[in-house]
Structures are given as C-alpha cells and as structure tokens.
Amino acid sequence: MNQKKLILSLIKDDLVHVKLIYSFEKLGFYSDCYCLHLSSTVFELMGFKSSKESDEIFDRYMELSEKATDIDITESNEAMEILAVEIYNELSIKASI
C-alpha cells in the first residue's frame, strides 16, 4: 500500500469513528475517552509539524470531519470515501505532498 492509500484509509476510518462517537453522544453516551487519535497519525504521515498554522489546519480537518455525521453508511461507504478524498486533497495542498 502506498502512502496516499494508507492516509486515505486512515482518514476514512477516522470519519467512521467520528460518526460513531457523535451518534453515541446524541444518545446521551459521552465517549471522549475513546478517541483513536487517527487524525494525529494522518498529520504525522503528511509531515505536519506542531505549529499555530498546523493547529488551524487541524481545526479545518475536524470541521470537514463533522460532515461524516450526516452520511448514511448502511448501504454504501462511497460518500465516506468521497469525503476522505476531499479532506486528503485539502490537507495535501497545505502540506505540499
């Protein structure tokens, strides 16, 4: 698996996890302690260093990730894959990969 495919896979997994966590929160279960930190791994693989600029990019990542909460994955993961590519493309512009 090349690096791009790995990063896309991690982003998609993170999106599914975000959807799960937000769904639990809607039901009254707060599961903040179950964070997988996949986004941190994505940022490390893409070469982001800790800085104010990368914090702003991370905030944008989280904002885009919240779109996952509106995606129905019971029939297909295609919409989640499209969102993962959207996020990857935006990050790659910022990271200059």
In nm, to one decimal, how far is the modelled label at Lys94 from the one at Tyr30, with both set 7 Å along Cα→Cβ?
2.7 nm
Using 0.36 nm times the number of residues separating Arg60 and Val85, minus their current alpha carbon distance, what extension gain do you get?
7.6 nm
Over the Cα atoms of region 1-49, each weighted equally, I'd like the Debye log10 I(q)/I(0) at q = 0.12, 0.17 Å⁻¹, rounded to two decimals.
-0.31, -0.55
Between exposed chymotrypsin sites (Phe, Trp or Tyr not before Pro) in the chain, where DSSP calls loop and at most 13 other Cβ atoms lie within 10 Å, what's the longest gap?
31-97
Value in Å of the Kirkwood radius, where the chain supplies the Cα pairs that are averaged:
13.9 Å
Roll a 1.4 angstrom probe over the protein heavy atoms and tell me the percent of accessible area of region 1-59 that is carbon or sulfur.
57 percent
Relative contact order as a percentage, the chain, C-alpha pairs under 8 Å and 6+ apart, gives 41 percent
Using a cut-off of 22 Å between alpha-carbon atoms, which lysines can reach Lys67, once sequence neighbours fewer than 8 places away in the same chain are excluded?
Lys4, Lys5, Lys12, Lys19, Lys26, Lys94
Which trypsin sites (Lys or Arg not before Pro) in the chain sit in a loop by DSSP (not H, G, I, E or B) and have at most 10 other Cβ atoms within 10 Å of their own Cβ?
Lys49
Computed about the Cα centre, the charge dipole of the chain from +1 Lys/Arg and -1 Asp/Glu charges at the Cβ has a magnitude in debye, to the nearest 20, of 320 debye
Heavy-atom accessible area per residue of the chain, all protein chains kept, 1.4 Å probe, expressed in Å², is 67 Å²
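The values are calculated or read from the model by the stated rules, or taken from the named source; none is laboratory data. Values in this document were obtained by computation on a predicted structure and should not be read as measured data. Please note: Cβ atoms are built from the backbone with ideal geometry, for glycine as well, and neighbour counts cover all protein chains shown. Side chains included, ligands, DNA and RNA excluded: accessible areas come from the protein's heavy atoms. Shrake-Rupley method; radii C 1.70, N 1.55, O 1.52, S 1.80 Å.
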